[in-house]
Amino acid sequence: MTTIIAVSVIASFLITAAIGPALIKYLRKMHFGQKILSYVPEHAGKQNTPTMGGFMFIISITLVTLAVNLVLDGFSIQSVTVLALSLCYGIIGFIDDSTKIRKAENAGLTSGQKFALQLVLALVFLTVLHMGGYLLPSLYIPFAGISLDIPWLIYVVIAAFIMVGCNNAVNLTDGLDGLAAGVTLPVAVYFIVIGVISHNMPVVVFASALAGGLAAFLIFNFNPAKVFMGDTGSLFLGGAVAGLAFACDQPLILVLVGFIYVIETLSDILQVTYYKATKKPVLDENGNPVRDAKGNIKMEGQRIFKKAPIHHHFQLCGWGEKKIVLIFAGITVVMCILAYFGVAPRYL
């Protein structure tokens, strides 16, 4: 198994590293550049940096996963479904990125459109795993060492929303150079280890290819980034992480290994909720309501963070992008180690 891990990691790393320069050159030639949101002026210098760079690790992960499975015992339902889920989520991201580029703004698919597509894919993935006998309607509780049996219909609803939430959380984390890739790399290593101790070869192969691809991508994406992964890459990663968790029958472990994803998402939700709850009319020096060009009264709310998601808050506190990425990745490593001890007794 050690040989398989090494081959998968190295092959994925080399393919991604080889594809990188040519892909970046092509993206620049096609003017596939990222449009920076107006409320993130600190990133203005990144305007038009090539996006959709996630294709370089998507290609390598796909090729390595298929090739290694072919050399071994053929394709299992687990390997095919996790890869297919990741690719389909990547396609949603590609449509989103393409729409943004065509409109020349940072607004692609609507949240409703994304959610509907993500939910359908999650339901299909869960159903296929269940029908193949790889997924039972029970939730394993880390550290407690027990599983809670749940009626299938209730389980699939909960599981689908966990998957969609994970997918969007990873997407939200992709806000700084190297952040999403840097945080997801130790998560991939975690699933390699879990795949080994549970003798789950499809998980080992996919997670190893994922780790190698992300390590090489960071060569081009670490600050200062030469390319962004785009929603194409981040939604693929979200699908990969969620898919691996369910392929290992460990959905609840996402709270630990995906701690940074959770914090990023919660910071955004809290910021928006608190801002809306504290909205008040903006008053001029005479105490009269200020109106906009259309005559509507301007409203302003209070904020918990200087800016959300939370990585922007730390930026405005004076932290550099490299520092934030390294600390967030370090926290993920610690949480992955903790997660290991929470589930290892299940297999050892």
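The values are calculated or read from the model by the stated rules, or taken from the named source; none is laboratory data. Note that the coordinates shown come from a computational prediction; the quantities given were computed from them, not determined experimentally. Virtual Cβ from ideal backbone geometry, glycine too; neighbours counted across all protein chains shown. The protein model used for the area step is the full one, side chains on, heavy atoms only, and it has no ligands, DNA or RNA in it. Shrake-Rupley method; radii C 1.70, N 1.55, O 1.52, S 1.80 Å.
Brief remarks on what is shown
- Residue check for F115: over 17 Å from L172 (Cα atoms) and not hydroxyl-bearing (S, T, Y): no
- Unique match (being over 27 Å from H313 (Cβ atoms), open to solvent by 10 Å² or more (accessible area, probe 1.4 Å) and either acidic (D, E) or in contact with a helix residue (DSSP H, G or I) (Cβ under 6 Å, 6 or more places away or on another chain) (or both)) among A215, A160, A144: A215
- Extreme residue, surrounded by the fewest Cβ atoms within 10 Å (Cβ to Cβ), among residues of segment 222-265 that are within 13 Å of the chain's Cα centre (by Cα) and outside any helix (DSSP H, G or I): G258
- Scan of segment 289-342 for residues that are open to solvent by 30 Å² or more (accessible area, probe 1.4 Å) and either among the hydroxyl-bearing types (S, T, Y) or touching a Cys at 6+ places or on another chain (Cβ under 8 Å) (or both), ordered by number: K306, Y340
- Of M56, M52, all but one fail to be modelled with pLDDT of 90 or more, outside any helix (DSSP H, G or I) and within 20 Å of the chain's Cα centre (by Cα); the exception is M52.
- Any hit, segment 266-288, residues being of a type in the set (D, E), assigned to a loop (DSSP other than H, G, I, E, B) and open to solvent by 20 Å² or more (accessible area, probe 1.4 Å): yes
- With respect to the conditions (1) modelled with pLDDT under 95; (2) surrounded by fewer than 18 Cβ atoms within 10 Å (Cβ to Cβ); (3) in contact with a helix residue (DSSP H, G or I) (Cβ under 8 Å, 6 or more places away or on another chain), I197 lacks only one, and its number is (1).
- Taking the conditions (1) touching a residue at least 60 places away in the same chain (Cβ under 8 Å); (2) more than 15 Å from the chain's Cα centre (by Cα) in turn, S147 satisfies each one other than (1).
- Only residues that are at pLDDT 95 or above and outside any helix (DSSP H, G or I) were counted across segment 200-221, and they come to 0.
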